[in-house]
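Here's the structure, in structure tokens; my notes come after.
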Amino acid sequence: IGSLSGGEFRALSLCVDFALIDVMERQFGISMSPIILDEQTEGLDASGKELIMELLSELSNDRMVIVIDHASEVAASFSKVLKVEKRNGISNIVESEDV
């Protein structure tokens, strides 16, 4: 594990997390919803990002998946996007229709 790059380690960590979610649900009947991820594709190459987004799409079929991310290309993969905008010290949450 020590020889993995940052992106490889991130991908491995997410795969372990997804496997644990599956085990918790199948073996123990514990519903893992919502799943909240922060900057889940950071440090990944294009193919790694694509793989993670496919896994998230599959996970979102039967549970809520919340992703916090600053990358606009990631936002296009989701059915609903909420933007947090801060102006003059006031934060507003805006639902974005076109991402």
Flagged pairs (Cβ under 9 angstrom, 6 or more apart or on separate chains; first in segment 1-13, over 19 Å from Met53 (Cβ atoms); second of a type outside the set (Lys, Arg) and surrounded by 11 or more Cβ atoms within 10 Å (Cβ to Cβ)) are Ile1/Phe9; Ile1/Leu12; Leu4/Ala11; Leu4/Leu12; Ser5/Gly43
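This table checks each residue for (1) of a type in the set (Ser, Thr, Tyr); (2) in contact with a helix residue (DSSP H, G or I) (Cβ under 8 Å, 6 or more places away or on another chain).
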{"site": "Gly2", "(1), (2)": "no, no"}
{"site": "Ser5", "(1), (2)": "yes, no"}
{"site": "Phe18", "(1), (2)": "no, yes"}
{"site": "Ile30", "(1), (2)": "no, yes"}
{"site": "Thr41", "(1), (2)": "yes, yes"}
In segment 23-58, which residues are of a type in the set (A, V, I, L, M), over 19 Å from Leu82 (Cα atoms) and loosely packed, with under 13 Cβ neighbours inside 10 Å? Val23, Ile30, Ala46
Which condition breaks for Ser3 when tested against (1) at pLDDT below 85; (2) among the small types (Gly, Ala, Ser); (3) open to solvent by less than 100 Å² (accessible area, probe 1.4 Å)? (3)
Only residues in segment 59-87 that are over 25 Å from Val16 (Cα atoms) and open to solvent by 60 Å² or more (accessible area, probe 1.4 Å) count as the first member; pair them with residues that are among the acidic types (Asp, Glu) and not in a helix (DSSP H, G or I), Cβ under 9 angstrom, at least 6 apart or cross-chain, and list the lot. Lys80/Glu95; Leu82/Glu95; Lys83/Glu95
Checking the condition at pLDDT 85 or above and under 13 Å from the mean Cα position of the chain (by Cα), which residue from Leu37, Leu55 passes? Leu37
Report, by residue number, each residue of segment 6-22 that is open to solvent by 70 Å² or more (accessible area, probe 1.4 Å) and farther than 20 Å from Val65 by Cα. Glu8, Phe9
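The values are calculated or read from the model by the stated rules, or taken from the named source; none is laboratory data. Since we're looking at a predicted model, the values are computed, not measured. Backbone-built Cβ (ideal geometry, glycine too); neighbour counts: all protein chains shown. Please note that ligands, DNA and RNA were not included when accessible areas were found on the heavy atoms of the full protein model with its side chains. Shrake-Rupley method; radii C 1.70, N 1.55, O 1.52, S 1.80 Å.
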